[in-house]
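Engineer: For reference, the structure I am asking about is given below.
No value in this document is a laboratory result; all are computed from the given coordinates. Keep in mind the model is a prediction, meaning the values are calculated, not measured. Don't worry about glycine lacking a Cβ; one is built from the backbone with ideal geometry, like all the others, and counts go over all protein chains shown.
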């Protein structure tokens with residue numbers, strides 16, 4: 001059927017000299033007389049892969065003149081492959097990217113295609129406040145899909161079983177650990193990036209300083225990083241949370257973790273099983289020292305983004321696919337809020353009309369929208385920087401170095417390699 005559609009489209013368009021763009025409802029359609037092959041890459045779990053593949057099949061039905069080759073995998077494999085492809089200039093025409101990759105691959109704005117120059121993308125569906133996140137050196141390198149922040153998820157069922165309230169302060173978590181640890185239960189948990197940002201939040205609240213100044217230069221000194229290491233060690237020693245090396249996401253479902261710090265966009269993937277099993281998972285207040293000034297030291301960023309390859313040979317068709325992924329009712333219906341509440345006005349309107357704004361992820365997104373947060377600079381998501389920090393933490397915990405020596409070494413490297 002698809003082949004027949006393509007032949008029909010080809011014969012109908014053969015006599016056309018110039019391509020035409022038309023709009024049917026909220027979907028952009030391109031008529032032309034040539035066959036085009038595009039590549040599209042993303043990361044995700046089986047659920048995301050299934051609905052995205054289904055969406056691409058619908059896109060190809062709408063545009064029989066375009067073939068889309070899908071490349072997808074889970075996060076770690078995708079990140080590794082993306083690095084190789086960006087270096088070798090073999091990246092997909094349209095790709096899902098992490099916010100931090102803009103600084104890693106396009107500091108001068110030339111690492112990705114300038115979306116401002118795409119013909120078939122409806123940029124008016126996005127406010128300038130959101131487009132800002134995708135600009136490098138005055139070039140629009142990427143479009144954010146939704147906004148994101150680290151969020152504290154609490155298994156209230158477990159906390160209730162110990163007669164404990166949902167924590168609001170750092171001290172609340174330490175007090176909870178004194179009750180739970182005899183049963184091998186951790187009040188909190190976090191993967192490395194979440195823990196790194198969580199510790200930055202703590203240090204900013206304690207010191208009254210932002211890690212970056214208004215010009216995005218490093219504002220923390222060695223003593224400030226020492227504050228982070230000391231607090232992390234305290235949390236580990238008091239059994240508030242496991243060391244990040246031993247973190248297992250599935251232990252939230254198993255009842256070993258009574259809480260977890262994770263992205264808004266991870267809510268359903270991380271905690272959906274616990275909810276389905278009848279446990280009550282709630283969104284805690286953003287942790288502070290006193291339980292007041294909620295949002296102090298917390299950062300927001302795009303959940304994920306879409307970009308177009310600087311090497312694409314088919315920018316018109318790439319723009320068409322990009323528009324479909326972000327603005328079309330077809331994609332909006334299939335994706336729902338799996339990647340967060342859409343920033344595209346047309347996509348958000350679609351899911352609002354469909355009654356899809358509900359569930360844990362929606363609750364986390366609403367919580368984020370109601371709290372003032374700072375912009376997360378992509379340098380703070382540098383994987384190597386985070387790995388270096390937790391190497392020092394591990395060495396301090398296992399007494400392989402003193403905290404002063406470890407922190408000083410980390411600080412000097414950070415200044416010379418990551419914040420220079």
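Engineer: In a GNM of the chain with a 10 Å cut-off on Cα contacts, which of 335, 104, 150 has the highest mean-square fluctuation?
Structural biologist: Between 335, 104, 150, it is 104 that shows the largest mean-square fluctuation.
Engineer: For the chain, with a Gaussian network of springs between Cα atoms less than 10 Å apart, report the residue from 315, 187, 372 with the top mean-square fluctuation.
Structural biologist: So, out of 315, 187, 372, the one fluctuating most is 372.
Engineer: If you stretched the chain out fully between residue 230 and residue 61, how much longer would it get, using 0.36 nm times the residue separation minus the C-alpha to C-alpha distance?
Structural biologist: This chain segment gains 55.1 nm when fully extended.
Engineer: Give me 48, 181 ranked fewest to most by other Cβ atoms within 10 Å of their Cβ, as a rough exposure proxy.
Structural biologist: 181, 48
Engineer: Over all directions, average the projected area of the Cα convex hull of the range 272-417 and note it in nm².
Structural biologist: Mean shadow area of the hull around the Cα atoms is 14.2 nm².
Engineer: Shifting gears a bit: Which length gain, in nm to one decimal place, applies between residue 416 and residue 79 when the Cα-Cα distance is subtracted from 0.36 nm times their residue separation?
Structural biologist: 118.9 nm
Engineer: Of the DSSP beta bridges with both residues in the chain, give the percent that are antiparallel, rounding to the nearest 5.
Structural biologist: 65
Engineer: What shape does the range 276-348 have by the C-alpha gyration tensor, where a ≥ b ≥ c are the square roots of the eigenvalues, rounded means a/c under 1.5, and otherwise prolate means a/b greater than b/c and oblate the rest? It would help to have the intermediate numbers written out before the result.
Structural biologist: Numbers: a/c = 3.34, a/b = 1.90, b/c = 1.76.
Cα axes put the range 276-348 in the prolate bin.
Engineer: Using a Förster radius of 30 Å, what is the FRET efficiency between residue 345 and residue 119 based on their Cβ-Cβ separation? Nearest 0.05, please.
Structural biologist: Working: r = 20 Å, r/R0 = 0.67.
That gives a FRET efficiency of 0.90.
Engineer: Can you sort 260, 70 so the residue with the fewest Cβ neighbours within 10 Å comes first?
Structural biologist: Ranked by crowding around the Cβ, least crowded first: 70, 260.
Engineer: Assuming 0.890 mPa s and 25 °C, estimate D for the chain with Stokes-Einstein, Rh taken as the Kirkwood radius over Cα pairs, in µm²/s.
Structural biologist: It comes out at roughly 107 µm²/s.
Engineer: Quick one: what does P(r) look like for the range 79-181 with 5 Å bins over all Cα pairs, in whole %?
Structural biologist: 2, 9, 17, 15, 11, 6, 6, 8, 10, 9, 4, 1, 0
Engineer: Looking at the square roots a ≥ b ≥ c of the eigenvalues of the Cα gyration tensor of the range 121-239, which shape do they give, rounded for a/c under 1.5, prolate if a/b is larger than b/c, or oblate?
Structural biologist: Oblate.
Engineer: A follow-up question, please. How do 416, 344 rank when sorted from fewest to most other Cβ atoms within 10 Å of their own Cβ?
Structural biologist: Starting with the residue having the fewest Cβ neighbours, the order is 416, 344.
Engineer: Is the shape of the range 139-181 rounded, prolate or oblate, going by the alpha carbon gyration tensor and its root eigenvalues a ≥ b ≥ c, with a/c under 1.5 for rounded and a/b larger than b/c for prolate?
Structural biologist: It comes out prolate by the Cα gyration axes.
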